[in-house]
Amino acid sequence: MDSNKRPDTMERITTPALAEAFIEEQVAAVREQVGDKKVLLALSGGVDSSVVAALLIKAIGKQLVCVHVNHGLMRKGESEQVIEVFRNQLDANLIYIDATDRFLDKLAGVAEPEKKRKIIGEEFVRVFEEESGKLEGISFLAQGTIYPDILESDGVKAHHNVGGLPEDVGFEGLVEPVKLLFKDEVREVGRALGLPASMVDRQPFPGPGLGVRCTGAITRERLHALREADAILREEFDLAGLTSQVWQFFTVVPDIKTTGVIDGKRLDNWPCIIRAVNTVDAMQVTVPRIDWDVLEKITNRILNEVDGICRVCYDMSPKPIATIEWE
Ligand code: XMP
C-alpha cells in the first residue's frame, strides 16, 4: 500500500473524539517506529510543526529534540510563544537558536524577492544542519508534512516552505504523523492535544516571514516598524472579532519614502499598507469590507505608535491580479 495515499475509507477528523482516537493511534505508531531512539524536529511555531511537536511529546517525551530557529523575520512575540508553550508548559526538549544577525547580514542589500527567498531558505537549512550536527544519537527526522503538501508536490505547485529540509541528511527514517491529514483536521488534533487557540487557529504565514513584507532590501529599522505595525493590526483585528473572519491579514512596509508633516516640520517616512484577504485556496482572493472605525483606529495607532511611518493605506486589490503578498 502506498503510505502517501489517504485511504478512501479514512474518516474525516471533525470532532474531538475522532481527534483523540487519531492521537492514540499515532502515539502507538510512533512508539513502534522509533523505539527508544531520538527524533529531531524543526519547530517553526506554525500549525503543522506545532501539532507534530505536541503529538510526539505525548508519544516519546524527551526523546524528541525540537529546534526552533528564529530567523529574525518572525512576527512580534512568536518565538517567545514557542518557548513558552513548548519549553515551559509542555516541558519539551527545545533548542532555541536566535539566528537573526546571520539572516539579516546575509540579506543586507538584497532587493530581489526570489533571491531573498532563496537566501532565507538556504540559510535556514544551513543553520538547522549545523545545530543538528552538534547533537548526538539522533536517528529520525520528524516533519510537519500534511496531505496538501503531498498532493502539491505532484507537480501542481512548487512548494517553497522555509522548513523544506533536504531528505538525504542521513537519518534512519522520517516521522510524519499528520501527513494524511488536511489542515482542518490538523487543527482539530492540535486542539485535542491542548495547544492554545492562538497557535492552532493561526493564519497562514509564509516561510520567509516578514522578509517578503519588508519589500526590497531589508533594513533593521524598517523591519522593526513593520513588526510593530503588524502587531497593532493583529491586536485590533482580535478586539474587533475579525481574526476568525478574515483568512489572512498583515501589514507591509515597502521600501519607499513618502512625505508627512508634523508641527510644521516635513517628514520623509515610510507608508504602511494593510493587506486583508479572504479565500478558499489562496489562488483567488477577495478583499473584505473592513469596518471604517476599525481601519481608522488601526491607522491612528500605527501613526502614533510606530516610528518611521507617516501614512497608512488599505490594499483593495483582488487576486488575480495582485498576489496576496507584496513580493
Ligand atoms: P501569494 O502571494 O502567492 O500567496 O498570493 C499565496 C499564499 O502563500 C503564502 N506565501 C508563501 N508561503 N513561502 C511560504 O511558505 C513563500 O515564499 C510564500 N510566498 C507566499 C502567502 O502568505 C499566501 O498565504
Between the alpha carbon centres of the stretch 1-52 and the stretch 279-327 the gap in Å comes to 36 Å
Can you give the longest stretch of the chain with no exposed loop site, where a site means trypsin sites (Lys or Arg not before Pro) in a DSSP loop (not H, G, I, E or B) with at most 14 other C-beta atoms within 10 Å?
-> 38-156
By the Cα gyration tensor axes a ≥ b ≥ c (a/c under 1.5 gives rounded; else a/b larger than b/c gives prolate, otherwise oblate), the shape of the stretch 8-87 is oblate
Val280 versus Glu136: modelled label distance in nm, points set 7 Å from Cα along the beta carbon direction = 5.5 nm
Most fluctuating of Met316, Met74, Met199 in the GNM of the chain (C-alpha, under 10 Å) is Met316
So the carbon and sulfur contribution to the accessible area of the stretch 272-327, 1.4 Å probe, in percent, is 55 percent
Note to self: with every protein chain in place and a 1.4 Å probe, the stretch 13-101 gives an accessible area per residue in Å² of 41 Å²
Rounded, prolate or oblate (a/c below 1.5 giving rounded, otherwise prolate when a/b exceeds b/c) for the stretch 169-233 by Cα gyration tensor | oblate
Virtual spin-label span in nm between Arg289 and Asp238, 7 Å along Cα→Cβ = 2.8 nm
Would you compute, from DSSP H runs of 4+ residues alone, the mean residue ellipticity of the chain at 222 nm, taking -39500 (n - 2.57) per run and dividing by the full residue count, rounded to the nearest 500?
-> -11500 deg cm²/dmol
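Using the heavy atoms of the protein chains alone and a 1.4 angstrom probe, what is the accessible area of the stretch 186-327 per residue in square angstrom?
I get 50 Å² per residue for this part.
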Carbon and sulfur atoms: what percent of the 1.4 Å accessible area of the stretch 1-56 do they account for?
-> 51 percent
Go ahead and set up a Gaussian network model of the chain, Cα springs under 10 Å, then flag whichever of Asp91, Asp263, Asp149 fluctuates most.
-> Asp263
Among DSSP beta bridges lying fully in the chain, give the percent that are antiparallel, nearest 5.
-> 35 percent
What Kirkwood hydrodynamic radius do you get for the chain when you take the inverse of the mean 1/r over all pairs of distinct Cα atoms, in Å?
-> 21.1 Å
Does the stretch 196-327 classify as rounded, prolate or oblate by the C-alpha gyration tensor (a ≥ b ≥ c root eigenvalues; a/c under 1.5 gives rounded; else a/b over b/c gives prolate, otherwise oblate)?
-> prolate
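The values are calculated or read from the model by the stated rules, or taken from the named source; none is laboratory data. Being a predicted model, the structure only gives us computed values, none of them experimental. Positions of Cβ are backbone-derived with ideal geometry, glycine not excepted, and every protein chain shown enters the neighbour counts. Remember, those area values only see protein heavy atoms, side chains included, never the ligands or the DNA or RNA. Shrake-Rupley method; radii C 1.70, N 1.55, O 1.52, S 1.80 Å.
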